[in-house]
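Here the structure comes first, spelled out in structure tokens, and everything after it is commentary.
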Amino acid sequence: VKNNPSAFESAYWTINSLKVYTSSGSTQNLSPTTPGNVGLGSSTPDGPITENPTRKEKRAAVPAAVVAETSDGNLSVEAGKREIDIPFSSVVEQPAVTKRSIADAGEEMYVKKGKVMRHLRRHQMGGFGHHHS
Amino acid sequence: VNYVDGSTAQQEGLTSVNNGVVTIRSDSTNIASGRGRNSVRLTSHKQYTHGLVVLDLEHMPGSACGVWPAFWMTGPSWPNNGEIDILEGVNYQSTNAMTLHSNSGCTMVNKNCQGNQGCGMQQGGPASFGDGFNAANGGVYAMEWTSTAINIWFFGRNNIPAGATGANPDPSTWGSALASFQGGSGCNIDDHFKNNNLVFDTTFCGDWAGTSVFISIYI
């Protein structure tokens, strides 16, 4: 991974659209508003970290759950996260590596309000809703 | 892996938008140092409990030694609010892995969903993941999360149901899900899954992609 950058030329996502439908009356279309106008998230200050060495690296993150209304009524979705590399003491081929990496990565996206999803309304899912935490 | 911040990602061209199409890259030009290869992890600020997530994806990180891409949802205080892995795999995995992770007391698809192992399955064939997915120009992944079930569908580019990405998608017309996690006596879904953020990331190695054979090249 370290010495072979060209091996990762195909390591990219191309996202045509991402939409989240809830029964609360809105279709939240998670797509950037204007091409080239994606606001990238500000860094989240490093804070105390609870390490759990049994966690997968992938999920060892503390997402920042901040949602802000933008002036046009869209919801700003901003990334803020940190990552904890875990000890590899259970792997035998190499001495245990204990590292802690904390980084933030982010990109603002926007949630556009839309329509109720009929399927969910029809079934009257109890307690259905989205959260603004 | 070294997840960079937003401004760095933009400066290095790791994130970009063209005509509404979002591209998220990992560094593929530099020898990595420090924490490792630069990459991006994108998390929604918004959290969801229930909902229908529809992702129209043209390309995902291709098959490569040590790569671990995922499109997933996860809540605070892992695993107490659950984790839903919609699209995930490592290395040269040939088909998609869909997995739930929870705290104790949740059994679905005849497996204990607790903790790191989780409960899940690999389904969908070569076009559902990695190079096979990309060769077919991707497709649509959809995940419906209700109190009664968590269902995941994959539709190849030429088999996307009408309206699936429109204003009123209707999963009841989509046929059997690729993975169907049914709640009930084995798992009260609402007790174990709530307030999840959406996440895209590409990591390298780690304790899945980095096990045994791959650990020797871990940075």
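The values are calculated or read from the model by the stated rules, or taken from the named source; none is laboratory data. Just so it is clear, the structure is predicted and the values come from calculations on it, not from any experiment. In this analysis, Cβ positions are derived from the backbone assuming ideal geometry, glycine residues included, and neighbour counts consider all displayed protein chains.
Assorted remarks:
- Here B:LEU55 meets the list (1) within 17 Å of B:LEU198 (Cβ to Cβ); (2) surrounded by fewer than 22 Cβ atoms within 10 Å (Cβ to Cβ); (3) of a type outside the set (Ser, Thr, Tyr); (4) within 7 Å of another protein chain (Cβ to nearest Cβ) almost entirely, failing just condition (2).
- Restricting attention to segment B:5-32 and to residues that are in contact with a strand residue (DSSP E or B) (Cβ under 7 Å, 6 or more places away or on another chain) and of a type in the set (A, V, I, L, M), the residue that is farthest from the other protein chains (Cβ to nearest Cβ) turns out to be B:LEU14.
- Members of segment B:86-96 found to be touching a residue at least 24 places away in the same chain (Cβ under 8 Å), within 14 Å of another protein chain (Cβ to nearest Cβ) and within 16 Å of B:LEU178 (Cα to Cα), listed by number: B:ILE86, B:LEU87, B:GLY89
- Taken over segment B:58-85, the residue count meeting the criterion of being at the interface with chain A (Cβ under 7 Å from one of its Cβ atoms) and either touching a His at 6+ places or on another chain (Cβ under 9 Å) or of a type in the set (A, V, I, L, M) (or both) is 7.
- Qualifying residues in segment B:33-52 (those that are part of a loop (DSSP other than H, G, I, E, B) and either touching a Leu at 6+ places or on another chain (Cβ under 8 Å) or at the interface with another protein chain (Cβ under 7 Å from one of its Cβ atoms) (or both)) - the one farthest from B:VAL1 (Cα to Cα): B:HIS50
- Check on B:ASN110, more than 7 Å from chain A (Cβ to nearest Cβ), on the phi > 0 side of the Ramachandran plot and surrounded by fewer than 24 Cβ atoms within 10 Å (Cβ to Cβ): yes
- Segment B:19-30: number of residues that are in contact with a Pro (Cβ under 8 Å, 6 or more places away or on another chain) and crowded, with 20+ Cβ neighbours inside 10 Å: 3
- Qualifying residue in segment B:68-88 (condition: under 21 Å from A:THR14 (Cβ atoms) and not in a strand (DSSP E or B)): no
- Of all residues in segment B:88-137 being among the hydrophobic types (A, V, I, L, M, F, W, C) and touching a helix residue (DSSP H, G or I) at 6+ places or on another chain (Cβ under 8 Å), the one that is modelled with the lowest pLDDT: B:VAL90
- Listed by position, the strands (runs of 3 or more DSSP E) inside segment B:97-167 whose residues that are within 17 Å of B:SER180 (Cβ to Cβ) and touching a Gly at 6+ places or on another chain (Cβ under 7 Å) number at least 2 are B:149-156.
- Checking B:SER94, B:SER33, B:SER63, B:SER16 one by one, the residue that is under 30 Å from B:CYS187 (Cβ atoms), surrounded by fewer than 24 Cβ atoms within 10 Å (Cβ to Cβ) and not β-branched (Val, Ile, Thr) is B:SER94 and no other.
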